[in-house]
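Encoded as structure tokens, the structure appears first; notes follow it.
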Amino acid sequence: MIPERILNLVVILGFIAVPIWAVFADEIFTLTLVTKAMILGLAAVGLNIALGIGGMVSFGHAVFFGIGGYAMGILAHHAQTFTPLSVGPITMAGTKSMPVIWITAMLVSAAVAWVIARLSLRTTGVYFIMITLAFGQMFYYFTISWGTYGGEDGLPIYVRNSFPGLNTLVPLQYLMLCGAALGLALLLQWRLRASPFGLALNAARQSPARAETVGLDPMRIKLWAFVISGTITGLAGALFADLNRFVSPTMFSWQLSGELIILIIIGGVGRLFGPVIGAAVFVTLEHWLGGLTDFWHVWLGVILLFIVLFGRGGIIGFLTGKEGPHV
């Protein structure tokens, strides 16, 4: 069996080695695939805080991914069309600055996550799953009917947004930017899991009644964990929209929410690098098998079925011989 720390190191080295090979081999599209895997991994890291540590099975996390994407799309759209953005009585200009867009995406995602959590955490089990799904569908159909920003056709952005000191149109530089965001999110998750808040969240997941008897407030702890989770996923949405230079209502779809859960299950629920491994496997299968057949999801389903039946700890659990937390 492989120690988990060694496996994590191998994953990090892999995400460094593949882009280096792609640059020397002039395989620019490979850089785009690695960037996509990093962004999806970042979104799944956000969900893993709620799901893996907090035990909250959210089937509507695409809400925050979509909010991040539309925050980027709306701000960049008004910047490139030189039209003012009106929010109620406030009128402001658009922007092509990534830091400003990221902050906006995270703040709006955090605010929406707080509202959704306040309502959803009144329920448990399948009811929690369904109410988060309902919020996702509400946002999905709202953006379809939002003709101002493309409706169901989506909203294209002509030029990728800017970051101080970098040329984000260069694939390797944008990959490094996304890799830095993913690294910071992993560091946050690692510190959070070992912090008093993380231990309290784990206790609230295992036994809310016992946590309450020692003076903890499980509802409040899960609320803030959900907010942190949604904030990280919102940042991933902004990065993904910038990668494609396009946003559409599909960023809110329940299929995307399901894919984020699948990424975590494949890699290992509650594992630090589980979402990253799951994202790498997913993007690899999508690229290789997608080139052979339109029904590549069948093989993804076979892998997922095998993991659920025989490897409850995901790929990390299978290789290390240790199961993750039971949600």
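The values are calculated or read from the model by the stated rules, or taken from the named source; none is laboratory data. As the structure is a computational prediction, the values presented were derived from the model and not from experiment. For neighbour counting, all protein chains shown are included, and Cβ atoms are generated from backbone atoms with ideal geometry for every residue, glycine included. Accessible surface is based on the protein model in full, side chains and every heavy atom, while ligands, DNA and RNA are left aside. Shrake-Rupley method; radii C 1.70, N 1.55, O 1.52, S 1.80 Å.
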Furthest towards positive pole of dipole, 167, 40, 225, structure part the range 4-320, Cβ charges: 225
Where the range 1-117 is the region considered: accessible area per residue in Å², 1.4 Å probe: 42
GNM top mover of 207, 248, 120 - the chain, alpha-carbon springs below 10 Å: 207
Residue 322 accessible area, assembled protein chains, probe 1.4 Å, Å²: 130
Virtual spin-label span in nm between residue 13 and residue 284, 7 Å along Cα→Cβ: 1.5
Most fluctuating residue given options 283, 108, 18, as computed from a GNM of the chain linking Cα atoms under 10 Å: 18
Gyration tensor (alpha-carbon) shape descriptor, the range 145-253, a/c threshold 1.5: oblate
Per residue accessible area of the range 175-324, 1.4 Å probe, in Å²: 47
Rounded if a/c under 1.5, otherwise prolate or oblate - the chain, Cα gyration tensor axes: oblate
Charge dipole (debye, nearest 20) of the range 1-144; +1 at Cβ of Lys and Arg, -1 at Cβ of Asp and Glu: 380
Solvent-accessible area, 1.4 Å probe, carbon plus sulfur percent, for the range 4-320: 71
Rounded if a/c under 1.5, otherwise prolate or oblate - the range 1-125, Cα gyration tensor axes: oblate
Loop chymotrypsin sites (Phe, Trp or Tyr not before Pro), the range 1-89 (other Cβ atoms within 10 Å of the site Cβ: 14 or fewer; DSSP): 82
Dipole in debye (nearest 20) - the chain, about Cα centre, beta carbon charges: Lys, Arg +1; Asp, Glu -1: 880
Selected from 270, 240, 145, residue furthest toward positive end of dipole (the chain; charges at beta carbon): 270
